[in-house]
Amino acid sequence: MLQLKNLTKKFGDFVAVDDLSLEVKSGEFFGFLGPNGAGKTTTIKMIAGLIKPTSGKIFICGIDALAEPEKAKSFLAYVPDQPFIYDKLTGREFLYFIGGLFKMKKEKIREKVDFLVDHFEIGRWIDKRVEEYSQGMKQRVIIASALLHDPKVIVIDEPMVGLDPRSARIVKDTLKQKSKEGVTIFMSTHSLDVAEELCDTIGIIKDGKLIAQFNASEIEEFKQSRDGKLESLFIELTK
Ligand SMILES: Nc1ncnc2c1ncn2[C@@H]1O[C@H](COP(=O)(O)OP(=O)(O)OP(=O)(O)O)[C@@H](O)[C@H]1O
């Protein structure tokens, strides 16, 4: 599970994330929504250990991620909004490289790669260089690399951007399946349809502050009382 306690990030005088506290339980699928510049990516980068909070705490599976970053990261998968893969590697070489970073045994990596290539319908592309990949194929390999070490928490920034409907379906089904298996998912997205389809809980951030949090039945209740659209709730709260 994932816990953020009074998390704050300042860039100079500007407060990008402001005293943010939340908890996402094991198996919970949390959608992190908010207007442009609200602080979503900054929050995710702090969870992933890429930038240091100004103050506050982050716990990943109960491990203090600021005090024990290596241990916390062993439970975590992070999928950035603009993923980077070395262009000159093949998908397979990239997955072995990532498995190596997590100190996985070669045999275990091979087993997982075979499964993931099949699951994400990567096929023969796995042995081609990444520079030849489409955006969707890159995203499939990136998400496969995030699942390689069986993370307990997946933090994912805008997963559906640039994906065709089939790739998007595979990614959505995989994330939902993982949450059913007890993995905690923290996903930022601008797609209200995706959030509504996948998430158990939705948190809305604005100007660095968590301004609202709803579970599925609260969202349904709101929709029934208005025009039936999550979009109306989002626009009302973020105006
Ligand atoms: N390194 C930085 N230095 C200064 N300001 C920054 C830095 N990184 C982010 N910011 C500012 O912090 C605020 C939050 O940015 P962030 O990228 O977290 O927003 P976001 O919610 O992910 O937005 P979007 O939906 O547009 O991706 C913005 O005003 C941004 O300009």
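Any read-out appearing in this document is the output of simple, stated calculations on the displayed coordinates, not a laboratory observation. Quick caveat, the model's predicted, so the values are computed rather than measured. Cβ: placed from backbone, ideal geometry, glycine included. Neighbour counts: every protein chain shown.
Extension gain for D164-F102 works out to 19.3 nm (0.36 nm per residue, less the C-alpha to C-alpha distance). For the stretch 75-101, the residues whose amide N sits under 18 Å from a probe point set 7 Å from the Cα of N36 along the beta carbon direction are 81-82.
When the C-alpha to C-alpha distance is required to be over 29 Å, the pairs from K178/K239; K5/K180; K73/K176; K10/K239 that qualify are K178/K239. Separation of the alpha carbons by more than 32 angstrom is noted, of K52/K172; K57/K106; K40/K71; K40/K106; K105/K206, for K57/K106; K40/K106; K105/K206.
Over the stretch 1-88, what is the relative contact order in whole percent, taking alpha-carbon pairs under 8 Å and six or more residues apart?
30 percent
The alpha carbon centroids of the stretch 99-120 and the stretch 11-77 are separated by 27 Å.
Between K206 and residues 5 or more places away or on another chain, which pairs have amide H atoms under 5 Å apart, with H built 1.01 Å from N, and which residues are they? When sequence neighbours closer than 5 places are left aside, the close amide H contacts are I211.
In this rough spin-label picture, where each label sits 7 Å from Cα along the Cβ direction, the I211-K57 distance is 2.9 nm.
Secondary-structure-derived ellipticity at 222 nm for the chain, considering helices only, amounts to -11500 deg cm²/dmol, per-run term -39500 (n - 2.57) for DSSP H runs with n ≥ 4.
Relative to the current alpha-carbon distance between D150 and R226, full extension at 0.36 nm per residue lengthens the span by 23.3 nm. Normalising the average separation of contacting C-alpha pairs (under 8 angstrom, six or more residues apart) by the number of residues puts the relative contact order of the stretch 33-151 at 26 percent.
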